[in-house]
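Engineer: Sharing a structure, written as structure tokens. Questions coming.
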Amino acid sequence: MADKPATGAGLRGQSAGSTALCTVGKTGSGLTYRGFDIKELAEKAKFEEVAYLLLKGKLPNQGELDHYISKLKSLRGLPDALKTVLEQIPKDAHPMDVMRTGTSMLGNLETEENFDQQQDVADRLLAVLPSIICYWYRFSHDGVRIDTETDDDSVGGHFLNMLRGEPASELHARVMNVSLILYAEHEFNASTFTARVCASTLSDMHSCVTGAIGSLRGPLHGGANEAAMAMIEDWQSPEEAESKIMGMLERKDKIMGFGHAIYRESDPRNAIIKHWSKKLSDDVGDKVLYPVSERVEEVMWREKKLFCNADFFHASAYHFMDIPTKLFTPIFVCSRLTGWAAHVFEQRANNRIIRPSADYTGPEKSEWVPIEARD
Ligand SMILES: CC(=O)SCCNC(=O)CCNC(=O)[C@H](O)C(C)(C)COP(=O)(O)OP(=O)(O)OC[C@H]1O[C@@H](n2cnc3c(N)ncnc32)[C@H](O)[C@@H]1OP(=O)(O)O
Ligand SMILES: O=C([O-])CC(=O)C(=O)O
């Protein structure tokens, strides 16, 4: 895989614009947000600090961070009309569809009238997306109408509190914080590019984010964390995992949570989330899922030189925190909103409508045949 040349398919290897937000794989495996290494951010930062960095262009000082956290906390409430819509969505709906509908509905209720409002609209979405998914989940699954205005300072703690009805442990809040930082931004990935294309038409923020959610939903992108969990959850031992993976490779199946469009040798987010998955595995006394995951990682590298991307060990980490699998990708949304919105700001600040060309492969000239004469 390391030697695979970039080809034009999927626009691979082609620059589609510039950004000051993020570098991906610039030194082979690195990831930086506005010049800060992901390892340092994951170790030292709060997710809200990273959100501030991405959305406002610099790290906040203590006063600015305190103010920002208070602002986000004050924006967690759901309008009644949005609650009504969420209550109509069936229990078996895909939560990413709920996120998409919730964002779209909010765009009807709190429309971005002009771009001067963009920072406030982004902050509102950052604050309210966890409320949207947890309100729907708890209503449709448990029949309760939760209060989405919890007192948790962190987005991650707030999410877990709404989901479980009690504050998260320190370990779980810490892992959520790290996870949200890891997922926050990733240059011109498919969902961010969707948001930028939409922004380039001078559309509103809710439309950009709604489109981006649709792109993130697919299993080749954000949906891979759920797909990885679905793959590994029934395997009872590393030996079983190895034989199942070998069979899948034989059949040329895609192994979810492996490979990357840009990184060639490793995804720097993997070592970080893997470390936390191990801690959670020890915390719950797991003897199966983590060893299974590690064996899959070993076999994929040995057989195909394919490495885990950010999604693979997120599956076990979220599972150890008892988060339902179908909520994995919505958590990604709650984080990536920061990257999407920051890219929308950037696109708007220096805009030209994104409209590439295509290589035509159809017939040169078609003859019109009246409808009665057609086969
Ligand atoms: C947060 C994120 O969105 S990270 C990505 C999450 N997505 C996944 O985990 C889904 C599984 N992975 C994949 O489908 C791919 O690796 C993608 C979509 C991430 C990248 O796709 P591409 O850029 O086309 O991959 P790339 O060009 O490196 O593929 C090289 C070869 O490895 C194969 N390959 C790549 N990933 C995988 C995989 N996960 N399982 C099996 N084979 C794979 C490709 O089929 C290709 O084979 P070929 O040369 O015979 O056609
Ligand atoms: O960059 C990509 O293509 C996918 C990815 O890892 C991300 O969006 O986090």
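Since every read-out is calculated from the coordinates, none of them should be taken as a lab result. Note that this is a predicted model, so its numbers are computed, not measured. Note that each Cβ is placed from the backbone with ideal geometry, even for glycine, and that neighbours are counted across all protein chains shown.
Engineer: Could I have the simple spin-label model distance between E170 and D142, label points 7 Å from Cα toward Cβ, reported in nm to one decimal?
Structural biologist: Result for the modelled spin labels: 2.5 nm.
Engineer: Relative to the present Cα-Cα distance, how much length would full extension add between K252 and Q117 at 0.36 nm per residue of separation? Could the numbers behind the result be given before it?
Structural biologist: Details: separation 135, 0.36 × 135 = 48.60 nm, distance 4.83 nm.
Difference between extended and current length: 43.8 nm.
Engineer: Please rank E372, E242, E265, fewest neighbouring Cβ atoms within 10 Å first, as an exposure proxy. Show your work: numbers first, answer last.
Structural biologist: Details: E372 5, E242 18, E265 12.
Placing the least packed residue first, the sequence is E372, E265, E242.
Engineer: Something else: Can you tell me the length gained on complete extension of the stretch A20 to K365, counting 0.36 nm per residue apart and subtracting the Cα distance?
Structural biologist: Working: separation 345, 0.36 × 345 = 124.20 nm, distance 4.54 nm.
Extra length available between A20 and K365 comes to 119.7 nm.
Engineer: Can I ask one more? Mind checking which of A342, A358, A184 has the largest fluctuation in a GNM of the chain, springs on alpha carbons under 10 Å?
Structural biologist: Highest fluctuation of the listed residues: A358.
Engineer: Let me ask something else about it. Based on the Cβ-Cβ distance from S237 to K304, what FRET efficiency comes out when R0 is 25 Å, to the nearest 0.05? Let's see the in-between values first.
Structural biologist: Working: r = 22 Å, r/R0 = 0.86.
Efficiency at R0 = 25 Å is approximately 0.70.
Engineer: I've got another one for you. So if each residue of separation counts as 0.36 nm, and I subtract the Cα-Cα distance between L59 and A190, what length gain in nm does that give?
Structural biologist: Values: separation 131, 0.36 × 131 = 47.16 nm, distance 2.65 nm.
Taking L59 through A190 to full extension adds about 44.5 nm, to one decimal.
Engineer: Right, next: From the square roots a ≥ b ≥ c of the eigenvalues of the alpha-carbon gyration tensor of the chain, which class results: rounded (a/c under 1.5), prolate (a/b over b/c), or oblate? The partial results should precede the final answer.
Structural biologist: Working: a/c = 1.34, a/b = 1.04, b/c = 1.29.
In terms of gyration-tensor shape, rounded.
Engineer: Follow-up. Springs between alpha-carbon pairs under 10 angstrom, Gaussian network model over the chain: which of E170, E187, E233 fluctuates most?
Structural biologist: Top of the fluctuation ranking is E170.
Engineer: Let me have the 222 nm mean residue ellipticity of the chain computed from DSSP H runs of 4+ only, each contributing -39500 (n - 2.57), with the sum over all residues rounded to the nearest 500.
Structural biologist: Values: 16 runs with 212 residues, N = 375.
Computed mean residue ellipticity for the chain: -18000 deg cm²/dmol.
Engineer: Would segment 222-319 count as rounded, prolate or oblate if I go by the C-alpha gyration tensor, calling it rounded below 1.5 in a/c and otherwise prolate when a/b exceeds b/c, oblate otherwise?
Structural biologist: Numbers: a/c = 1.68, a/b = 1.14, b/c = 1.47.
Note, shape of segment 222-319 comes out oblate.
Engineer: Give, as a single signed number, the net charge of other residues whose beta carbon lies under 13 Å from the beta carbon of H172, with Lys and Arg counted +1 and Asp and Glu -1.
Structural biologist: Details: positive: R164, R174, K279; negative: D152, E166, E170, D283, D322.
Overall, the nearby charge balance is -2.
Engineer: Quick test of your reading: applying the under-4.7 Å Cβ rule, which cysteines of the chain are isolated?
Structural biologist: When partners are defined as cysteine Cβ atoms under 4.7 Å apart, the chain leaves C22, C134, C308, C334 without one.
Engineer: Could you let me know the centre-to-centre spacing of segment 289-323 and segment 46-103, using Cα atoms, in angstrom?
Structural biologist: Cα centroid to Cα centroid, the span is 29 Å.
Engineer: Something else now. Assuming a ≥ b ≥ c are the square roots of the Cα gyration tensor eigenvalues, decide whether segment 1-95 counts as rounded (a/c under 1.5), prolate (otherwise, with a/b larger than b/c) or oblate.
Structural biologist: On the way: a/c = 2.71, a/b = 1.32, b/c = 2.05.
Verdict is oblate for segment 1-95.
Engineer: Select from S335, G257, Y290 the residue farthest towards the positive end of the dipole of the chain; place +1 on Cβ of Lys and Arg, -1 on Cβ of Asp and Glu, and compute about the Cα centre.
Structural biologist: G257
Engineer: Cut-off 10 angstrom, C-alpha nodes, Gaussian network model of the chain. Which of N189, N309, N350 fluctuates the most?
Structural biologist: In this elastic network of the chain, the residue with the biggest mean-square fluctuation among N189, N309, N350 is N350.
Engineer: Within segment 222-319, how many Lys pairs sit with Cα atoms under 23 Å apart, leaving out pairs fewer than 8 places apart on the same chain?
Structural biologist: So the count works out to 18.
Engineer: Which value in nm describes the separation of the simple spin-label points at T201 and V284, placed 7 Å from the Cα toward the beta carbon?
Structural biologist: Each label point is offset 7 Å from its Cα along the Cβ direction, giving 4.2 nm.
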